[in-house]
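Structure first, then comments.
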Amino acid sequence: MTRKALVAAARKLFLEKGYAEASTPELVRAAGVTRGALYHHFEDKKAIFRAVAESELAEVATLINRSTSKSSTAMQALESGTRAYLDAMQTPGRAYLLLVEGPAALGVHTMKQLNGDSAAHTLRDGLAAAMAAGEIPQLPLDAVTTVLDAAFDRAALEIAQGASRTEIETALAALLQGLAAE
């Protein structure tokens, strides 16, 4: 329970102040725990930020998996997963934490690894299934995953900053349809 309280308080504090400005004494106060409890669960501030990012990414992956489970084709799953990703990233502060603060706090390489283990993994699996089913041509899977993942992340940031969700979704759908066109 203490770990959960720390992660929840850290999420809120990182959103309010940003990773760089949030301090561990503030985090301890916000979570209502002792400094010893913080360091029992986490090595440092970076470790607790990582736990926040992992929790957020796990939730994104869960929502994507839930949305794609009833799709009858791989392409339908990719389209459904795209909408689910955009929905998941609209949770207040999630896009900022994962796409702005995450790379700054943990580094681009670590965030790419964490994302690859969760949400981007669902995209890679969906693309592989579409290629295996002949719904899209055989392409370099890792490269296509990287490019689409970057497009989806940028789309989520744009929507979080007020861009038209409808227009962004239309553009992403066109990207996916372009893959299928051969």
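The values are calculated or read from the model by the stated rules, or taken from the named source; none is laboratory data. The shown structure was predicted, so the numbers you read here are calculated from the model rather than taken from an experiment. So basically every Cβ, Gly included, is an ideal-geometry build from the backbone, and we count neighbours across all protein chains shown. Accessible surface areas use protein heavy atoms only, side chains included; no ligands, DNA or RNA. Shrake-Rupley method; radii C 1.70, N 1.55, O 1.52, S 1.80 Å.
Worth a mention:
- The share of accessible area on the chain that comes from carbon and sulfur is 55 percent, using a 1.4 angstrom probe.
- Taking 20 Å as the cut-off, the amide N atoms of segment 139-182 that come nearer than this to a point 7 Å along the Cα-to-beta-carbon line of Asn65 belong to 149.
- Stretching Ala20 away from Ala37 to a fully extended chain increases their span by 4.0 nm, per 0.36 nm per residue minus the current alpha-carbon distance.
- Neighbour cut-off at most 13 other Cβ (10 Å), DSSP loop, trypsin sites (Lys or Arg not before Pro), segment 18-110: Lys70
- Accessible area of the chain divided out per residue, in Å², using a probe of 1.4 angstrom: 52 Å²
- Qualifying GluC sites (Glu not before Pro) in segment 16-95, DSSP loop, other Cβ atoms within 10 Å at most 13: Glu21, Glu43
- For a label point 7 Å along the Cα-to-beta-carbon line of Ala173, residues of segment 136-166 with backbone N under 11 Å: 166
- Cα centroid of segment 107-182 to Cα centroid of segment 1-70, whole Å: 26 Å
- Radius, Kirkwood style, for the chain when every pair of distinct Cα atoms is counted (Å): 17.3 Å
- Calculated on alpha-carbon atoms, Rg and Dmax of segment 72-112 in Å: 13.3, 40
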